[in-house]
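These notes are about the structure you will find just below.
The values are calculated or read from the model by the stated rules, or taken from the named source; none is laboratory data. Source: prediction; values computed, not measured. Note that each Cβ is placed from the backbone with ideal geometry, even for glycine, and that neighbours are counted across all protein chains shown.
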Amino acid sequence: MYEGVVQNLIDELGLLPGVGPKSAQRIAFHVLAADPADVKRLAHALLEVKEKVRFCRICGNVAAEDECRICRDPRRDPQVICVVEESKDVVAIEKTREFRGRYHVLGGAISPIDGIGPDDLKIRELMARLADGQVTELILATDPNLEGEATATYLARLVKPMGLKVTRLASGLPVGGDLEYADEVTLGRAFEGRRLLDV
Amino acid sequence: MSLYRDEGVVLRTQKLGEADRIITILTRRTGKVRGVAKGVRRTMSRFGARLEPFSHVDLQLHAGRSLDVITQVETLRPYGEALVTDYPRYTAGTAMLETADRLIMGEKEPALRQFLLMLGGLRTLAEGTHEPRLVLDAFFLRSLAVAGYAPALSGCARCGAEAVRAFAIASGGVVCGACRPAGAAVPAAETIALMIALLRGDWAAADASESRHRTECSGLVAAYLQWHLEQGIRSLRHVEREWAGRDPVGRDPAGRDPIGWEWPERRASHPEEAARTR
């Protein structure tokens, strides 16, 4: 055990995800040894992120203003909405540079066993966005696990009567993997979603 | 036994650290086991998809100090694939998994009958030959019976008299007029008959039952189950029992909100349960 303030810092750092008591101690001593200006910058960044960041009024993504960068961008196609679980998923899709539409962040997936139902997600907000008739395609990009699939099924059923084109991201073999190591479920999905090779 | 092999049904998965998961499995020989599956949340994981809830798997585990480590998995039947495309079946299925997880308290205590019941229940649910809420109620009643809490349905739970009138949860089933405690629900005779059919596995009689009796039966069974578990089943709140009758966007004719929809008629008809859920 260390003197009060140092122990306080170790305890606080230990609450962060993936940081155990040993790592917390290492980070704390790094902070102690670091230049005061660097530490101030870190403290300022921590405070600023809590003060300035909020959730986009339209899509629920993290934003520095009332609306996020993507919702404000007039070059993004307003006819296509891609539904994801978390803001992290927006970043992952943005990195592909394949998608030019807009997003909707649900804030999780339906998981009755954890007590999370459709009411706990931003589904009401999504329905409100779809109501004006401008959107023509809804891409369901929830995680390819059980909760994500159930959420996609629920959404597809909910928007079916609106006559939109509803699509789901493909599941299959990871690029750079070995076929023999693929599990039966993934390989089965890859067969189901095989495409015509037009050469 | 540092390394052992068993077959089981995945009841629950919880995130652990960066890319691992803790998997709760109901196995045939060992009972309920909690094991760590390393790296299963990565897209390149070789057995991530095999350890999803509802999967019936053959697995190898390495016994650890607090949690076992899952080393190999083969899929026997991925029931989740069939259930996930049908929302009412999926929600009924999650309630079954949660109930089995709560009913079996101790880990590594063999629970063969619960395992067989789980497997049968999932198979019936995935086949889609019966209404999901009937399958769910049959599973609840039989799970309770296996755990030693079977409700008395043919004679009064207190004095054994044949002429029964009410269903008293705290008394352990149906009761006669003389033994009836204040506030006990008075279900229709058809509802009690439906409960008997579900407990015995008489599907012909259960499938022929009317919707209002099914609704009443679901309310009584859910209340009885949660009373014996001494806690609520969280998934039950999200089980869809009557999707039909609501317009496609989700609003039902009475204008209630679809998304946070609960069971108002059930609440109203069973004061005992209403008092507890409040």
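Some observations on this one:
- Members of segment B:2-27 that are within 10 Å of residue B:41 (Cβ to Cβ) and among the small types (Gly, Ala, Ser): B:17, B:19
- Comparison of B:31, B:93, B:48, B:64 shows that the only residue that is over 18 Å from residue B:16 (Cα atoms) and assigned by TED's automatic domain parsing to the domain that holds residue B:15 is B:31.
- Restricting attention to segment A:96-108, the residues that are surrounded by fewer than 22 Cβ atoms within 10 Å (Cβ to Cβ) and within 14 Å of chain B (Cβ to nearest Cβ) total 3.
- Answer residue from segment B:51-104, given it is among the β-branched types (Val, Ile, Thr) and under 22 Å from residue B:37 (Cα atoms) and is farthest from the other protein chains (Cβ to nearest Cβ) among those: B:69
- Residue in segment A:181-190 that is among the hydrophobic types (A, V, I, L, M, F, W, C), assigned to a loop (DSSP other than H, G, I, E, B) and closer than 23 Å to residue B:73 by Cβ present: yes
- Residue in segment A:32-41 that is part of a loop (DSSP other than H, G, I, E, B), of a type in the set (Asp, Glu) and farther than 30 Å from residue A:67 by Cα present: yes
- Given (1) touching a residue at least 60 places away in the same chain (Cβ under 8 Å); (2) within 23 Å of residue B:132 (Cβ to Cβ), number of the condition residue B:89 does not satisfy: (1)
- Restricting segment A:68-95 to residues that are aliphatic (A, V, I, L, M) and more than 19 Å from residue A:53 (Cα to Cα) leaves a set whose member that is surrounded by the fewest Cβ atoms within 10 Å (Cβ to Cβ) is A:92.
- Residues of segment B:16-50 classified as surrounded by fewer than 17 Cβ atoms within 10 Å (Cβ to Cβ), among the small types (Gly, Ala, Ser) and more than 12 Å from chain A (Cβ to nearest Cβ), total: 1
- The residue that is surrounded by the fewest Cβ atoms within 10 Å (Cβ to Cβ), counting only those in segment A:130-180 that are of a type in the set (Asp, Glu) and assigned to a helix (DSSP H, G or I), is A:180.
- Test: residue in segment B:54-63 that is out of contact with any Lys or Arg (no Cβ under 9 Å at 6 or more places or on another chain), part of a strand (DSSP E or B), of a type outside the set (A, V, I, L, M, F, W, C) and modelled with pLDDT of 90 or more: yes
Table: residues versus (1) more than 21 Å from the chain's Cα centre (by Cα); (2) facing chain B (nearest Cβ under 9 Å); (3) closer than 20 Å to residue A:96 by Cα.
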| position | (1), (2), (3) |
| --- | --- |
| A:125 | no, no, no |
| A:130 | no, no, no |
| A:133 | yes, no, no |
| A:141 | no, no, yes |
| A:144 | no, yes, yes |
| A:147 | no, yes, no |
| A:153 | no, yes, no |
| A:163 | yes, no, no |
| A:168 | no, no, yes |
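- Boolean, residue B:141 is within 21 Å of residue B:232 (Cβ to Cβ), of a type outside the set (Gly, Ala, Ser) and either in contact with a Lys or Arg (Cβ under 7 Å, 6 or more places away or on another chain) or modelled with pLDDT of 90 or more (or both): yes
- Residue check for residue B:165: surrounded by 17 or more Cβ atoms within 10 Å (Cβ to Cβ) and in contact with a Ser or Thr (Cβ under 7 Å, 6 or more places away or on another chain): no
- Of the criteria (1) surrounded by 15 or more Cβ atoms within 10 Å (Cβ to Cβ); (2) at pLDDT 90 or above; (3) of a type outside the set (Phe, Trp, Tyr); (4) over 19 Å from residue B:100 (Cβ atoms), which one residue B:225 fails: (4)
- Some residue of segment B:6-25 being β-branched (Val, Ile, Thr), within 25 Å of residue B:83 (Cβ to Cβ) and in contact with a His (Cβ under 6 Å, 6 or more places away or on another chain): yes
- Segment B:64-84: number of residues that are among the hydrophobic types (A, V, I, L, M, F, W, C) and outside any strand (DSSP E or B): 4
- Single residue of segment A:46-70 satisfying the filter (of a type outside the set (A, V, I, L, M) and within 16 Å of the chain's Cα centre (by Cα)) that is farthest from residue A:99 (Cα to Cα): A:54
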